Structures are given as C-alpha cells and as structure tokens.
1. Around Asp219, what is the net charge, scoring Lys/Arg as +1 and Asp/Glu as -1 over all other residues with Cβ under 11 Å from its Cβ?
2. Ranking Cys36, Cys135 by Cβ neighbours within 10 Å, fewest first, what do you get?
3. Here are some values of Cα Rg over 2.2 N^0.38 Å: (i) 0.98; (ii) 1.03; (iii) 1.11. Which one was computed from this structure?
4. Farthest toward the dipole's positive end in the chain, which of Ala55, Ala3, His186, given Cβ charges of +1 (Lys, Arg) and -1 (Asp, Glu) about the Cα centre?
5. Mind checking which lysines have their C-alpha under 17 Å from Lys213, skipping anything on the same chain fewer than 8 residues away?
6. From Cα pairs below 8 angstrom and at least 6 apart in sequence, can you work out the relative contact order of the chain, rounded to a whole percent?
7. Once you order the gyration tensor axes a ≥ b ≥ c over the Cα atoms, which shape class does segment 35-119 get: rounded for a/c under 1.5, otherwise prolate or oblate by comparing a/b with b/c?
8. Please get the size of the charge dipole for the chain, origin at its Cα centre, with Cβ charges of +1 on Lys and Arg and -1 on Asp and Glu, quoted in debye to the nearest 20.
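Just so it is clear, none of the values below were taken in a lab; they were calculated from the coordinates. Quantities reported herein were computed from a predicted structural model and do not represent experimental measurements. Backbone-built Cβ (ideal geometry, glycine too); neighbour counts: all protein chains shown.
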Amino acid sequence: MLAEMLLYRLTRAEPWADALGYREGAVRLWSRYGRCKRAWAPHLANTRRVVADAAAAAPGRRTALVFGSGLLADLPLEALCTKFARVVLVDVVHLPTVRWRTRRLANVEHVVADLTGAAEGLASLPPGTPPEPGCRYGLDDPSVDFVVSLNIVSQLPIAPVERLETKCGWTEMLVEPYGRQVVAAHFAHLQAFAAPVCVVGDRARTFLDRDGKVFETEDALYGISPPQADEEWDWDLAPIGEHDRKYAIRNRVFAIRQLRDTHTIV
C-alpha cells in the first residue's frame, strides 16, 4: 500500500487524465502485475512474440508507434529499439518505473496522448453532448513504419463509460453505444495508417467460479467484431482472490499481425 501511494505521488498526469482516474488506474495495474506476474506470464510472452514477429516483418526501420505502452511488460522493447530509429511509447500516463527502465534507451520517446480523443472533453463535464470519439495521433508523421495497439482496445471505453455513468447518470443502455463508438474509432484510427499495424487485445471476459466453471461472459468490445485473428489465447487476468474471493476473471485475447484497411469492423 505504501509503495502504491508513493508511486501515485511520483506519477505525473494531465488534469483531465486525473479526472478520469487514469493515474490511479496505472498504479493499480502496476500493483496487480506484481501480484499476478506468474498468472500473466503466458499472455505476456505470447504478446511479446506476436509483436516481435510483426515488427520484424515490417519493411521500414524509421519510427515504431506503440499505442498503450503501459508497463512495457508485454512489449519486446529491446527488439523494437534495435530495428527502429525511433520507438514512440504512447499512453495517457507513463509511470516513473517505466521512465526509469527506458532512461538509457536513446531512441525511445514518451508521449502523453488520449487515444480515445474524448477524455479531455469528458473531464469538463457536464457536457450537453459527450464528445465524438476519435484520435489521429501519428497519422501526419510520414516516418511511421510500424504501429502496434497493445492490449488497449477493450480498455479504451472503460474510463469514458464510467465517467458518463457516474457524472451524468447515464444508464447501461445509454453508455453501450458510446463504448462501441470508442472501440470503432480506435480501429478506424489504426486502419488509417499506411504502415503495417499489429493489434493485440481482449474480445471477451469470462467469469469462473471456484470450480473453474464459467458462469458469465461479457463482450469486451461492446459488440464490435474484430477482424479475423491470426492467433487467440486465454489470459488469466484475475485469479481467485485477486478481484473477488468467489470468482476469477479470464480474458480471451486476439492477435492480428497485420491489420488491413480492407477489413470491415462491425
């Protein structure tokens, strides 16, 4: 607890990011990773392998964009740094632990950006109408030769949806379409790049009782069907006792080595 409190105080965040809970969420993720490292290991290894393979196949060597760099635990950072002249880590919050790890990597940059395109507007509630989701970061940079969306597509709607529920009193029926818009906007952002784009993300959450039986399943993408995956696997996100003493949470992860703009997102 003390370590979390210290990390929270040392972490820099934009006011709008604080308003939507991103700094607190980043610290919670760091803490959960420390407790669940063994359970997460297969998922993290699979993600690093897929991203490394996709990056190796990319023809260019100039700039790699990493959307949702997070803790860097699921990113083959050294491989990207070796191949690309610039590696740009894009996230809403960069923890001091992450900045410390990359301090000697001269070609790594940290960029704070809202990949939903709506968080800053939502932070200034109450709005008449919530802002239209959508981000264009990186599209005007001709040096971008590789892009990866790193386990964030299902995470992007969470804070905006919670904000609308808690501050505007929106019901689940009202927030579902907005969550869907956030997911669809992220795929549209990725498909707008001319460079190869790799996507790893959750498409479903399952809840298992103490006997390992599934008793509930949630669509993690708000009804959006991602393009056909090259690989899928399970991620034991929260073993018994981590989130609740009575159940565990397991995510179904999809991986696409190269997203094509001909794929239809529905």
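1. It works out to a net charge of +1.
2. Ranked by crowding around the Cβ, least crowded first: Cys36, Cys135.
3. Checked against the structure: label (i).
4. Ala3
5. Straight-line reach from Lys213, under 17 Å: Lys246.
6. Dividing the mean separation by the residue count of the chain yields 18 percent.
7. rounded
8. Charge dipole, the chain, about its Cα centre: 980 debye, nearest 20.
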